[in-house]
Amino acid sequence: MIDTEDYMKIQDLSVDLKCETHGQKLDLYCKCHHVAVCAMCIPSAHNSCPVDDIISIHDAAKNARSSTALSDLEETISRSLESVRQSIRDRASVSANIETEEQTIQKKIQETRLRLNKHLYELEQQLLQELQIKHENCRSRYSKMLKQLQQTENELEKLKEQTEQMKLFASDLQVFLGTCKMNITISEKLKSLKVEIGKEKCFAMDLKIHPVVISFINNVKKFGEIYITEKNLDLQLKDAKIDQAQTQIRGSTRNVLDVDLQFSLKFAVKPQLQISGCLILCDGRILIADFYTTGKLMEYDFTGNYVSDIDVEGRPFDLTEIDQDRFAVTYPDIKCLKIISNKISFVEKKINFKNSCYGISSHNEKIFTLVQKHGIMKIDLTGTILFTIKFNTSSMVYIAASEDKIYYTDENNDTVNCCDFKGKKIWTFKNESTRFPRGITVNNDQNLYVVSSNSNNLTLIQHDGKMSIEVLTSSDDLFSPFTVCCNKNSLLLGYKKGNMALYHVSE
């Protein structure tokens with residue numbers, strides 16, 4: 001129940017509670033296709049989806065107000081609104097410049113005309129008319145784009161207001177379905193706007209006075225020429241950060257005893273190698289680093305099939321995903337890390353160090369890496385070192401970072417450690433289940449997955465270091481785990497013999 005005045009604030013929020021195809025109530029949700037469905041949709045369009053992926057719409061809508069999808073929607077609207085406003089400012093600026101250029105040219109024309117006799121009057125008027133036409137054409141094109149950007153701004157403002165009101169006053173179901181619909185709406189608007197901006201041009205007007213206009217007045221048949229130089233518009237709209245999975249925002253942590261791993265897939269990397277790092281990208285692709293044998297960085301799809309090698313200089317050791325567009329890789333042999341586009345495998349930035357760098361992690365578009373003989377460095381995407389936590393790195397290889405903590409494994413002392421950004425030790429975990437700990441990763445609940453080579457297992461440690469559970473032990477073909485990566489509800493393990501295992505983490 002909500003107050004009628006509050007209801008009036010969301011009455012314009014269009015959320016369909018019935019299936020558009022069958023007219024039935026939307027009472028189910030397909031996690032495979034990220035869409036709300038009715039009971040009649042299942043046999044007709046979702047009969048091949050796994051049974052476990054079809055859940056109650058009410059279960060899917062739980063905690064919708066605290067979901068990453070709603071948070072991402074708010075962030076997308078804010079970022080898109082800022083991008084559109086920046087585009088408006090840019091277009092307004094170039095419009096002002098074109099006005100100034102037009103006035104400057106008029107002055108040049110008038111100053112030149114004063115030196116000519118009456119015979120050139122018609123030529124002057126002819127050129128002024130050309131200027132006016134071309135100036136009007138430029139201004140008209142700018143005005144059209146400005147109107148479109150302002151319209152989009154108003155629409156995004158309205159979406160932002162609706163989202164805020166929906167978050168405060170709508171039901172979980174309305175929030176869930178509204179979020180899905182708004183995600184589609186804003187994606188379509190941004191896609192359309194990006195196409196229009198891609199066609200937009202920047203114009204610059206100037207004047208060319210005929211080289212012999214003063215010396216040979218009687219022979220000149222043209223007063224001058226107005227010419228327009230074009231260049232591509234240097235404005236980019238960032239892709240919407242749309243995450244269809246309605247996972248709860250970090251903040252409330254689950255007990256490690258509540259976590260259950262379900263085996264999904266096992267595949268072998270060929271040729272057989274010792275995996276040093278692995279990564280699950282947000283789109284499901286798998287990257288594998290082999291520092292010790294082939295020195296390759298390989299891509300596999302979500303079914304475990306080999307796709308290709310990523311051709312970059314150096315021998316890759318560890319990986320981390322920065323955002324939906326980029327990931328970073330450490331190269332100890334050439335003492336650097338590289339920021340790589342995950343769409344075209346293009347190296348966007350190379351950051352060099354004085355010593356070898358090994359373990360790597362990222363959080364909020366900041367990179368953390370372990371640099372030999374120095375410690376753990378926090379680096380922004382431009383390569384600026386924000387701070388260094390000095391450690392004895394002789395037995396440290398892998399690290400993981402969260403909002404305000406750094407975690408690292410100590411192989412020689414069989415410990416997992418947690419410290420703050422000043423290097424102050426918060427807790428140390430040591431147990432028989434973590435003999436020779438190596439790879440480490442932080443999950444959505446701020447708890448830690450740690451693989452240990454000598455104890456041949458995977459341990460889940462509570463965020464405060466006070467509780468742990470051995471969630472997985474190795475079999476003969478999955479022997480001696482070296483690295484681990486967690487992305488939402490997927491967990492990937494890399495083993496010494498070149499085997500990979502993918503698990504689903506139950507909610």
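If we keep just the residues of segment 432-457 that are open to solvent by 10 Å² or more (accessible area, probe 1.4 Å) and among the hydrophobic types (A, V, I, L, M, F, W, C), which is modelled with the highest pLDDT?
The extreme case among them is 440.
For residue 493, which of the numbered conditions (1) under 20 Å from residue 268 (Cα atoms); (2) without any contact (Cβ under 8 Å) to a residue 60 or more places away in the chain; (3) among the aliphatic types (A, V, I, L, M) fails to hold?
(2)
Which condition number does residue 371 fail, the rest of (1) closer than 20 Å to residue 445 by Cβ; (2) open to solvent by less than 10 Å² (accessible area, probe 1.4 Å); (3) among the aliphatic types (A, V, I, L, M) being met?
Result: residue 371 fails condition (1) only.
Given (1) within 28 Å of the chain's Cα centre (by Cα); (2) open to solvent by less than 70 Å² (accessible area, probe 1.4 Å); (3) modelled with pLDDT of 85 or more, where does residue 143 come up short, assuming only one miss?
Unmet for residue 143, out of (1) within 28 Å of the chain's Cα centre (by Cα); (2) open to solvent by less than 70 Å² (accessible area, probe 1.4 Å); (3) modelled with pLDDT of 85 or more: (1).
Given the structure, is residue 59 in a helix (DSSP H, G or I), closer than 21 Å to residue 284 by Cα and within 28 Å of the chain's Cα centre (by Cα)? Before the answer, list the steps.
Working: in a helix (DSSP H, G or I): yes; closer than 21 Å to residue 284 by Cα: no; within 28 Å of the chain's Cα centre (by Cα): yes.
Against the criterion (in a helix (DSSP H, G or I), closer than 21 Å to residue 284 by Cα and within 28 Å of the chain's Cα centre (by Cα)), residue 59 does not qualify.
Any idea which residue in segment 409-421 is modelled with the lowest pLDDT, counting only those that are under 15 Å from residue 363 (Cβ atoms) and open to solvent by 10 Å² or more (accessible area, probe 1.4 Å)?
421
Counting just the residues of segment 150-186 that are over 29 Å from residue 2 (Cβ atoms) and under 24 Å from the mean Cα position of the chain (by Cα), which one comes out most open to solvent (accessible area, probe 1.4 Å)? Quick ask: steps written out before the conclusion?
To start, the set of residues in segment 150-186 that are over 29 Å from residue 2 (Cβ atoms) comprises 150-153.
Next, only the ones that are under 24 Å from the mean Cα position of the chain (by Cα) stay: 152-153.
Details: 152: 16, 153: 42 Å².
Applying the filter and picking the extreme gives 153.
Select from segment 384-396 the residues that are open to solvent by 20 Å² or more (accessible area, probe 1.4 Å) and either charged (D, E, K, R) or at pLDDT below 90 (or both) and list them in ascending order.
Answer for segment 384-396, where residues must be open to solvent by 20 Å² or more (accessible area, probe 1.4 Å) and either charged (D, E, K, R) or at pLDDT below 90 (or both): 390, 391, 392, 394.
Filter segment 141-164 for residues that are farther than 12 Å from residue 74 by Cβ and polar (S, T, N, Q) and give the result. Explain how you work it out, then say what you get.
Taking segment 141-164 and keeping what is farther than 12 Å from residue 74 by Cβ, we get 141-155, 157-158.
Selection gives 143, 148, 150, 151, 152, 154.
Within segment 308-362, which strands (runs of 3 or more DSSP E) (wholly inside it) include 2 or more residues that are open to solvent by 50 Å² or more (accessible area, probe 1.4 Å) and out of contact with any His (no Cβ under 8 Å at 6 or more places or on another chain)? First the steps, then the outcome.
Numbers: elements: 319-323, 326-331, 336-341, 347-352.
Here the list reads 347-352.
Which count do you get for residues in segment 422-431 that are in a loop (DSSP other than H, G, I, E, B) and surrounded by fewer than 16 Cβ atoms within 10 Å (Cβ to Cβ)?
Number satisfying all stated conditions: 3.
Anything in segment 458-483 that is of a type in the set (A, V, I, L, M) and either open to solvent by 10 Å² or more (accessible area, probe 1.4 Å) or in contact with a Pro (Cβ under 8 Å, 6 or more places away or on another chain) (or both)? List them, or say none.
Restricting attention to segment 458-483, the residues satisfying the condition of being of a type in the set (A, V, I, L, M) are 458, 460-461, 467, 469, 471-472, 478.
Answer for segment 458-483, where residues must be of a type in the set (A, V, I, L, M) and either open to solvent by 10 Å² or more (accessible area, probe 1.4 Å) or in contact with a Pro (Cβ under 8 Å, 6 or more places away or on another chain) (or both): 458, 467, 469, 471, 472, 478.
Restricting attention to segment 73-82, and to residues there that are open to solvent by 10 Å² or more (accessible area, probe 1.4 Å) and farther than 19 Å from residue 173 by Cβ, which single residue is modelled with the highest pLDDT?
78
Right, residue 134: assigned to a helix (DSSP H, G or I), loosely packed, with under 13 Cβ neighbours inside 10 Å and of a type outside the set (Phe, Trp, Tyr) or not?
Here the answer is no, as residue 134 does not meet what is asked.
Just wondering, is there one or more residues in segment 284-299 that are within 23 Å of residue 397 (Cα to Cα), in contact (Cβ under 8 Å) with a residue 60 or more places away in the chain and open to solvent by 20 Å² or more (accessible area, probe 1.4 Å)?
no
Six or more apart or on different chains, Cβ atoms under 8 Å: show the pairs whose first residue is in segment 137-155 and over 19 Å from residue 229 (Cα atoms) and whose second is acidic (Asp, Glu).
Listed pairs, sorted by first residue: 148/196.
The values are calculated or read from the model by the stated rules, or taken from the named source; none is laboratory data. Bear in mind the structure is a predicted one, so any value in this text is a computation, not a measurement. We place every Cβ from the backbone using ideal geometry, glycine too, and count neighbours over all the protein chains shown. Quick note on the areas: whole protein, heavy atoms, side chains included, nothing else; ligands and nucleic acids left out. Shrake-Rupley method; radii C 1.70, N 1.55, O 1.52, S 1.80 Å.
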